[in-house]
Amino acid sequence: MTATPRGLCERYTERLYAEMRDDAKRTSAYEDTLRHLAAGRVVLDLGTGGLALLAVMAARAGASRVYALESNAEACEAARRTVAELGLQQVIEVLEGYSTEQPALPEPPSLLVHEILGEVAGCEGAARCVADAHARLLAPGAVAVPASARSLCAPCSWPSGEYWASLPNPVLSPPPGAALKLPRFPREATLAPAQPFEQLDFGSATAGRLAEPQHSRISFGLARAASLRGLALHIEVAFPPLAEGAAPRVSSADEGSHWPTVLLPLPQPAEVAVGDTLVVEAEARSTDEQPRYSFHVWLQRAGSPSQPEALGCLCYP
């Protein structure tokens, strides 16, 4: 199994689907949005999963037809069983395969729904899949749920020993250099507010830009003295506005989120002081066959006229 989006499709299990379903804030955001948008529409669900959760939501919200795509053969069969058990076969058609290889559908959907978002927003291939769907499968002007997602980074110290011991698989000593996926990452470990390095807008008007690499130079003013250990990455997901104008938002930083935070450790810790500045040059290549992210990190000491100190290049995955 590989870390490419196609390889990741094979890793999903009933437990992972249940964790996604049981992420109450995320699931409510999808359900509220589909209840507002799906009635009377033809819907395309990318990566429906074994529970066909979003397809079922769309059907129950009054969609006229739902095409639910799933590339994992086992999950596809589970989705078909779920649809049959719920008596929704006349509305939901489950199709096996990758969306980028799917021929034109009998009716072009006017609503796209998906949750092919990883712990970094684009790492499961959402940018490529959504851009392709808008180009080949969807009706012009199709609405996307979610509307957008973005990935953010923040400098961080090491969480406390109590945190490591509290993990489902307790960690006595975190492995040096390895990217870590951490649930319930303590926000008090961050040393400055998070800033975005990847922005994915899934609407039809902006889908063409999903294919473009993204580059950003970010400066963090450090708010306290600490041992700087790396960058913490998390995502934020935005949904279309509801009837009352509010637009639901969810984040992997939310309590109870099924998405972990990614911690990218520096090669060596750096002792920092209040007023120091961390500079990060980030590149996000979200539509590569293997989406890749790189972060060149420098430290500028407060009041120092010397050149910033290079702390290393961090990559994900």
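Structure notes:
- Condition check for residue 268: open to solvent by 40 Å² or more (accessible area, probe 1.4 Å) and under 16 Å from the mean Cα position of the chain (by Cα): no
Residue-wise test of (1) at pLDDT 95 or above; (2) out of contact with any Asp or Glu (no Cβ under 7 Å at 6 or more places or on another chain); (3) among the aliphatic types (A, V, I, L, M).
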residue	(1), (2), (3)
148	yes, no, no
161	no, yes, no
165	no, yes, yes
169	no, yes, no
173	no, yes, no
182	no, yes, yes
192	yes, yes, yes
195	yes, yes, no
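- Within segment 107-117, one or more residues are within 30 Å of residue 229 (Cα to Cα) and in contact with a strand residue (DSSP E or B) (Cβ under 8 Å, 6 or more places away or on another chain).
- Test: residue in segment 45-58 that is touching a strand residue (DSSP E or B) at 6+ places or on another chain (Cβ under 8 Å) and over 28 Å from residue 254 (Cβ atoms): no
- Candidate set: segment 31-48, residues that are of a type outside the set (Lys, Arg) and free of Cβ contacts under 8 Å to residues at least 60 places away in the same chain; chosen: the one least open to solvent (accessible area, probe 1.4 Å): 48
- Among residues of segment 137-159 that are closer than 30 Å to residue 112 by Cα, those with a beta-carbon under 6 Å from a residue that is open to solvent by 10 Å² or more (accessible area, probe 1.4 Å) and of a type in the set (D, E, K, R) at least six positions away or on a different chain give the pairs 148/201; 150/236.
- Index of the failed condition, residue 306 passing every other in (1) at pLDDT below 95; (2) among the polar types (S, T, N, Q); (3) under 18 Å from residue 120 (Cα atoms): (3)
- Residue 225 out of contact with any strand residue (DSSP E or B) (no Cβ under 8 Å at 6 or more places or on another chain) and surrounded by fewer than 19 Cβ atoms within 10 Å (Cβ to Cβ): no
- Of the residues examined, residue 243 is one that is of a type in the set (A, V, I, L, M, F, W, C), open to solvent by 50 Å² or more (accessible area, probe 1.4 Å) and touching a residue at least 24 places away in the same chain (Cβ under 8 Å).
- Test result for residue 55, not in a strand (DSSP E or B) and not β-branched (Val, Ile, Thr): yes
The values are calculated or read from the model by the stated rules, or taken from the named source; none is laboratory data. A quick note: this is a predicted structure, and the numbers were derived from the prediction, not measured. For neighbour counting, all protein chains shown are included, and Cβ atoms are generated from backbone atoms with ideal geometry for every residue, glycine included. Only protein heavy atoms, including side chains, enter the accessible area calculation; ligands, DNA and RNA are left aside. Shrake-Rupley method; radii C 1.70, N 1.55, O 1.52, S 1.80 Å.
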